[in-house]
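Let me begin by presenting the structure, written as structure tokens, before commenting on it.
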Number of protein chains: 2
Amino acid sequence: AGLGGIGLDTSREIVKSGPKNLVILDRIENPTAIAELKAINPKVTVTFYPYDVTVSVAETTKLLKTIFASLKTIDLLINGAGILDDYQIERTIAVNFTGTVNTTTAIMEFWAKRKGGPGGVIANICSVTGFNSIYQVPVYSASKAAALSFTNSLARLAPITGVTAYSINPGITRTPLVHKFNSWLDVEPRVAELLLEHPTQTTLECAQNFVKAIEANKNGAIWKLDLGRLDAIEWTK
Amino acid sequence: AGLGGIGLDTSREIVKSGPKNLVILDRIENPTAIAELKAINPKVTVTFYPYDVTVSVAETTKLLKTIFASLKTIDLLINGAGILDDYQIERTIAVNFTGTVNTTTAIMEFWAKRKGGPGGVIANICSVTGFNSIYQVPVYSASKAAALSFTNSLARLAPITGVTAYSINPGITRTPLVHKFNSWLDVEPRVAELLLEHPTQTTLECAQNFVKAIEANKNGAIWKLDLGRLDAIEWTK
């Protein structure tokens, strides 16, 4: 889990739900947020490691070795890093798509059944734009379509890997991410404004439904978290 | 257009259909193939430029400047570079997804209506795995889902850019690409074999339907080219 817009509220809700440990991986340390999380539920051990999802699989593996050594088991990995800026094509793809693939690839060494691992659960934060794109940000939307497709494949690989997976697809949520962002080639300079004219949800609503999805723990589920609702949607083609 | 499995047969069919010019962009020059294309229809001027889709937008722009200067107009861009090898995560994403985005981004400078350009048409070769993944190659499938989503967004941007777009989604086609390839983390070592147990189509069947799709020239179409058939499919979510 991370400390971004949806990330911080989700971490708060996760801590309330009372796991033994919560490991926060994010690019930038935020000691105030970590202290707050620790105060919410003193029974939960909250730790932080700096992590940039754009590093190589090998580097992620090294970090995971440290974490697994200190925790013994990890039950759930949440891939939640995301950027929304279609001026930055390579970075959007690296963070939103490749980062999720590489982090997942790295944890398989520790979890995969075929390697004697205990299995695990992956929750990937994708987006409703994965199946219903915001066409003014075609690169962002496509990167989310990719993350969603990858997650659906992971779920179908569960019998082989022992690792289950589901996707968390928030609709428009009032986070710093959507407050101001660039469209592809400036095709729509007012894209952020136009987007926020639609009905939205708060990060708290989204986070509470996120925890419900975690508790449901349903391999292959495509969770849509929009307008304060939580719905499992069907994938049709 | 390129000179790969589906690419070469498609180039043959395009030359037969008789455009004024055909520019082939591919990583590796194949003088025999170029000579053959020239011989099929001497009225078509066939030229070749070496091009690797993983270069930057700036480098692609430089190449396009040269091509536009020599041809004056280009009517159709086919983005067809693709690799199938889930051992190579970064390269799969760079070729199948980022390459398509960057080449498209580069040509917009020459085509976009808002910049006084004449518009144009983009045909992106995606794959049926974009909406119906081969889960043993989740990275490949996701990269194709991304290319498809991007293409659908491009089509919706046509009123702003003046550039229309459609996707060409081949099913399993008997090309060198599918003869032997690696699954993600070796989840299924026999993936190529298993895939070829399904009914397939020839590259010629695929190429002939590709040219029909080019002639139909339908903005936003999601063309499925499978088992020797050509069908426009609907995107549902």
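The values are calculated or read from the model by the stated rules, or taken from the named source; none is laboratory data. Bear in mind the structure is a predicted one, so any value in this text is a computation, not a measurement. Neighbour counts run over all protein chains shown; Cβ positions are idealised from the backbone, glycine included. Remember, those area values only see protein heavy atoms, side chains included, never the ligands or the DNA or RNA. Shrake-Rupley method; radii C 1.70, N 1.55, O 1.52, S 1.80 Å.
Residues that are under 21 Å from the mean Cα position of the chain (by Cα), loosely packed, with under 12 Cβ neighbours inside 10 Å and small (Gly, Ala, Ser) within the stretch A:35-72 comprise just one, A:58. Being surrounded by 18 or more Cβ atoms within 10 Å (Cβ to Cβ), under 22 Å from residue A:220 (Cβ atoms), modelled with pLDDT of 95 or more and more than 11 Å from every other protein chain (Cβ to nearest Cβ) is true of residue A:79.
Residue-wise test of (1) surrounded by fewer than 19 Cβ atoms within 10 Å (Cβ to Cβ); (2) among the basic types (Lys, Arg); (3) part of a helix (DSSP H, G or I).
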| residue | (1), (2), (3) |
| --- | --- |
| B:104 | no, no, yes |
| B:109 | yes, no, yes |
| B:118 | yes, no, no |
| B:144 | no, yes, yes |
| B:150 | no, no, yes |
| B:159 | yes, no, yes |
| B:169 | no, no, no |
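No other residue among B:62, B:113 is over 30 Å from residue B:234 (Cα atoms) and among the charged types (D, E, K, R) apart from B:62. For the stretch B:111-143, the set of residues classified as more than 15 Å from residue B:156 (Cα to Cα) and in contact with a strand residue (DSSP E or B) (Cβ under 8 Å, 6 or more places away or on another chain) consists of B:111, B:125, B:126, B:127, B:128, B:130, B:131, listed by residue number.
Under the condition of being of a type outside the set (A, V, I, L, M), touching a Leu at 6+ places or on another chain (Cβ under 9 Å) and within 20 Å of residue A:93 (Cα to Cα), the residues counted in the stretch B:139-166 number 1. When residue A:135 is tested against (1) at pLDDT 95 or above; (2) open to solvent by 40 Å² or more (accessible area, probe 1.4 Å); (3) over 25 Å from residue A:85 (Cβ atoms); (4) not in a strand (DSSP E or B), just one condition goes unmet, and that condition is (3). In the condition set (1) touching a Gly at 6+ places or on another chain (Cβ under 7 Å); (2) closer than 27 Å to residue A:130 by Cβ; (3) surrounded by fewer than 14 Cβ atoms within 10 Å (Cβ to Cβ), residue A:24 is compliant with all but (3).
How many residues are open to solvent by less than 40 Å² (accessible area, probe 1.4 Å) and part of a helix (DSSP H, G or I) if we restrict to the stretch A:171-180? Outline the logic, then answer.
Restricting attention to the stretch A:171-180, the residues satisfying the condition of being open to solvent by less than 40 Å² (accessible area, probe 1.4 Å) are A:171-173, A:175, A:178.
Going one step further and asking which of them are part of a helix (DSSP H, G or I), we end up with A:178.
Summing the residues that are open to solvent by less than 40 Å² (accessible area, probe 1.4 Å) and part of a helix (DSSP H, G or I) in the stretch A:171-180 gives 1.
The numbered conditions (1) under 17 Å from residue A:148 (Cα atoms); (2) more than 9 Å from chain A (Cβ to nearest Cβ); (3) polar (S, T, N, Q) are all true for residue B:173 except (1). In this structure, does residue B:114 turn out to be surrounded by fewer than 23 Cβ atoms within 10 Å (Cβ to Cβ) and either under 27 Å from residue A:130 (Cβ atoms) or more than 13 Å from chain A (Cβ to nearest Cβ) (or both)? Spelling it out, it is not the case that residue B:114 is surrounded by fewer than 23 Cβ atoms within 10 Å (Cβ to Cβ) and either under 27 Å from residue A:130 (Cβ atoms) or more than 13 Å from chain A (Cβ to nearest Cβ) (or both). Taking the criterion of being away from chain B (no Cβ under 14 Å) and in a loop (DSSP other than H, G, I, E, B), the residues of the stretch A:181-237 that qualify are A:181, A:197, A:198, A:199, A:200, A:202, A:217, A:218, A:221, A:227, A:228. Restricting attention to the stretch A:27-79, the residues that are assigned to a strand (DSSP E or B) and touching a strand residue (DSSP E or B) at 6+ places or on another chain (Cβ under 6 Å) total 9. Residues that are under 11 Å from residue A:219 (Cβ atoms), among the aliphatic types (A, V, I, L, M) and within 7 Å of chain B (Cβ to nearest Cβ) within the stretch A:147-166 comprise A:154, A:157, listed in sequence order. Only residues that are of a type outside the set (Ser, Thr, Tyr) and open to solvent by less than 10 Å² (accessible area, probe 1.4 Å) were counted in the stretch B:82-94, giving 2. The set of residues in the stretch B:126-141 being at the interface with chain A (Cβ under 7 Å from one of its Cβ atoms) and without any contact (Cβ under 8 Å) to a residue 40 or more places away in the chain consists of B:132, B:133, B:135, B:141.
The single condition among (1) in contact with a strand residue (DSSP E or B) (Cβ under 9 Å, 6 or more places away or on another chain); (2) within 11 Å of chain B (Cβ to nearest Cβ); (3) touching a residue at least 60 places away in the same chain (Cβ under 8 Å) that residue A:87 does not satisfy is (1).
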